[in-house]
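Enquirer: Sharing a structure, written as structure tokens. Questions coming.
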Amino acid sequence: MAFRARHLLGIEHLAPLEITTVLDLADRYVEMSRRTVKQSDVLAGMTQINMFFESSTRTQASFELAGKRLGADVMNMSMQSSSVKKGETLIDTAMTLNAMHPDLLVVRHPSSGAVNLLASKVNCAVLNAGDGRHEHPTQALLDALTIRRAKGRIQRLTVAICGDIAHSRVARSNLILLNKMENRIRLIAPPTLMPAGVDAFGCELFDDMREGLKGCDVVMMLRLQKERMDGGFIPSEREYYHRYGLDAEKLSHAAEDAIVMHPGPMNRGVEIDGDLADDINRSVIQDQVEMGVAVRMACMDLLARNLRAERGRRIVGTMV
Ligand code: NCD
């Protein structure tokens, strides 16, 4: 099988063929999710635990739905009120959960690297649902599927990623994925929100939005991640919208058939004009939500296959 990963911790670890394998399987799960009866038994008998140490609406809901549509027993743990500190606390939590024999662990954590640390301590497959400003692999995969379905391909496109690049795991995972699939990437942000050294990823940098959008096929907007800012990164939201908020006029600089994306949650009138976000001729934001469920089904299906194979090998190993 083309997908060999044990965990899904980041796009960084995936080969282009593995990415294509996820997208192809997800296409099939889109069809299944559109049926009246959406149930399958791919994960029947398996236990999925969702641990979100940071708030989430669509990611948590779609991981839960994805698991249920595949027949897993899904448990949501509310981690918000518990200690969100790294180190011993996280490892203790991991060990406690491990003792309950989950098969799939879906984890979101505010610290970059925390999910990798946790994955090293458990016997099940771990899916990163976003760790700090590091990676958000299922978001990049669902964005790729959305783009592939809208544009007919996920190669040789010019993609603009705009806004708060510095604090965004969505931008980072997308940058890595789009690079692996040989696209042309432009990052558009005010200098305060452009991370130093990011051009090493092989992308073009712009602080003028109209300039950066010229001829783009895909315009990916990002939320201002205020929870990760500890100072004045922008003069005011009004000024930010004026220079970096996407509206019809700025979009007119992109290709005529450019699509508009946003991972959500959106701040209307800050990152994007509300009417444009709702314009079904340009915006694929609702498609992104739909693709999110299908991509997560595909990822969990593929990881579960690898887990079964690994456990099977271990049992055979003890018999000989
Ligand atoms: C993103 C996240 O949590 O990183 N949202 C999401 O998963 N849908 C982006 C964001 O919060 O701005």
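The values are calculated or read from the model by the stated rules, or taken from the named source; none is laboratory data. Values in this document were obtained by computation on a predicted structure and should not be read as measured data. Heads up, the Cβs are rebuilt from the backbone with ideal geometry, glycines too, and the neighbour counts pull from every protein chain shown. Ligands, DNA and RNA are stripped out before the accessible areas are found, and what is left, the full protein with its side chains, is counted by its heavy atoms. Shrake-Rupley method; radii C 1.70, N 1.55, O 1.52, S 1.80 Å.
Enquirer: So what are the radius of gyration and Dmax for the Cα set of segment 1-50, in Å?
Expert: In order Rg, Dmax, the Cα atoms of segment 1-50 give 13.3, 36 Å.
Enquirer: Suppose the Debye formula is applied to equal point scatterers at every Cα of segment 172-231; what is log10 I(q)/I(0) at q = 0.12, 0.20 Å⁻¹?
Expert: -0.31, -0.86
Enquirer: Which value, in Å², gives the accessible area per residue of segment 179-271 when a 1.4 Å probe is used on the protein heavy atoms? Walk me through the numbers before you get to the answer.
Expert: Values: 4520 Å² over 93 residues.
I get 49 Å² per residue for this part.
Enquirer: Could you order peptides 121-130, 169-178 by the average number of other Cβ atoms within 10 Å of their residues, highest first? Write out the running numbers ahead of the final one.
Expert: Working: 121-130: 22.0, 169-178: 24.9.
Most protected by this proxy first, the peptides run 169-178, 121-130.
Enquirer: Could you list, in their original order, any pairs among K180/K226; K38/K226; K68/K121; K38/K180 whose Cα atoms are separated by more than 31 Å?
Expert: Details: K180/K226 29 Å; K38/K226 37 Å; K68/K121 26 Å; K38/K180 33 Å.
From the list (K180/K226; K38/K226; K68/K121; K38/K180), the Cα-Cα distance tops 31 Å for K38/K226; K38/K180.
Enquirer: Per residue of segment 133-140, in order, report the coupling 6.51 cos²θ - 1.76 cosθ + 1.60 (Karplus, θ = phi - 60°) as ³J(HN,Hα) in whole Hz, putting x for Gly and Pro.
Expert: In residue order, the calculated couplings are 9, 7, 9, 8, x, 5, 5, 5 Hz.
Enquirer: Let me ask you something else. What relative contact order, as a whole-number percentage, does segment 96-172 give when Cα pairs under 8 Å and 6 or more residues apart are counted?
Expert: On the way: 91 pairs, mean separation 20.6, N = 77.
Worked out over segment 96-172, it gives 27 percent.
Enquirer: As a test of the formula, what do you get for the chain when each DSSP H run with n ≥ 4 contributes -39,500 (n - 2.57) and the sum is divided by the residue count, at 222 nm and rounded to the nearest 500 deg cm²/dmol? Before the final figure, lay out each step's value.
Expert: On the way: 11 runs with 132 residues, N = 320.
Helices in the chain give a 222 nm mean residue ellipticity of -13000 deg cm²/dmol.
Enquirer: Follow-up. Return the percentage of antiparallel bridges among DSSP beta bridges fully within segment 80-191, rounded to the nearest 5 %. Spell out each step's value before the answer.
Expert: Values: 1 of 11 bridges.
Antiparallel bridges: around 10 percent, rounded to the nearest 5.
Enquirer: Can you give the Rg/Rh ratio of segment 216-320, where Rg is from the C-alpha atoms and Rh is the Kirkwood radius?
Expert: On the way: Rg = 21.2 Å, Rh = 16.9 Å.
That ratio is 1.26, to two decimals.
Enquirer: Pop out the carbon and sulfur fraction of the accessible area of segment 37-177 as a percent, whole number, probe 1.4 Å. The partial results should precede the final answer.
Expert: Working: 2500 of 4990 Å².
That fraction is 50 percent.
Enquirer: Sticking with the crude label model, points 7 Å out along Cα→Cβ, report the distance from R238 to E256 in nm, one decimal please.
Expert: 3.8
Enquirer: So, one more: Starting from one equal scatterer on each C-alpha and no solvent at all, send me the Debye-based log10 I(q)/I(0) for segment 141-265 at q = 0.22 Å⁻¹, two decimals.
Expert: -1.41
Enquirer: Please report the equivalent ellipsoid semi-axes of the chain, computed as sqrt(5 x eigenvalue) of the Cα gyration tensor, largest first, in whole Å. Before the final figure, lay out each step's value.
Expert: Values: eigenvalues 231, 97, 62 Å².
So the equivalent ellipsoid measures 34, 22, 18 Å along its semi-axes.
Enquirer: Sticking with the crude label model, points 7 Å out along Cα→Cβ, report the distance from D247 to E31 in nm, one decimal please.
Expert: Simple spin-label model gives 4.4 nm for this pair.
Enquirer: Heavy atoms of the protein only, probe of 1.4 Å, neighbouring chains included. What is the accessible area of T158 in Å², nearest 10?
Expert: 20
Enquirer: So what is the relative contact order for segment 59-194, in percent, with contacts set as C-alpha pairs under 8 Å and at least six apart? Walk me through the numbers before you get to the answer.
Expert: Numbers: 175 pairs, mean separation 23.0, N = 136.
Computed over segment 59-194, the figure is 17 percent.
Enquirer: Which three extents, in angstrom, do the Cα atoms of segment 52-188 have along their principal axes, listed largest first?
Expert: 46, 34, 25
Enquirer: Let me ask something else. Near the amide H of V74, under 5 Å away, which other amide H atoms are found, from residues 5 or more places off or on another chain, if H is placed in the peptide plane?
Expert: Q48
Enquirer: Which whole-number percentage describes the relative contact order of the chain, with Cα contacts under 8 Å and a sequence gap of 6 or more? If you can, show how the numbers build up before the last one.
Expert: Values: 593 pairs, mean separation 64.5, N = 320.
Relative contact order comes out at 20 percent.
Enquirer: If you take every DSSP beta bridge whose two residues both sit in the chain, what share of them, in percent to the nearest 5, is antiparallel?
Expert: Working: 1 of 36 bridges.
Around 5 percent of the beta bridges assigned by DSSP in the chain are antiparallel ones.
Enquirer: Further question on the same structure: Using R₀ = 30 Å, calculate the FRET efficiency as 1/(1 + (r/R₀)^6) where r is the Cβ-Cβ separation of N98 and A200; round to 0.05.
Expert: Numbers: r = 37 Å, r/R0 = 1.24.
Once rounded, the FRET efficiency stands at 0.20.
Enquirer: Any idea of H242's accessible area? Nearest 10 Å², probe 1.4 Å.
Expert: 130
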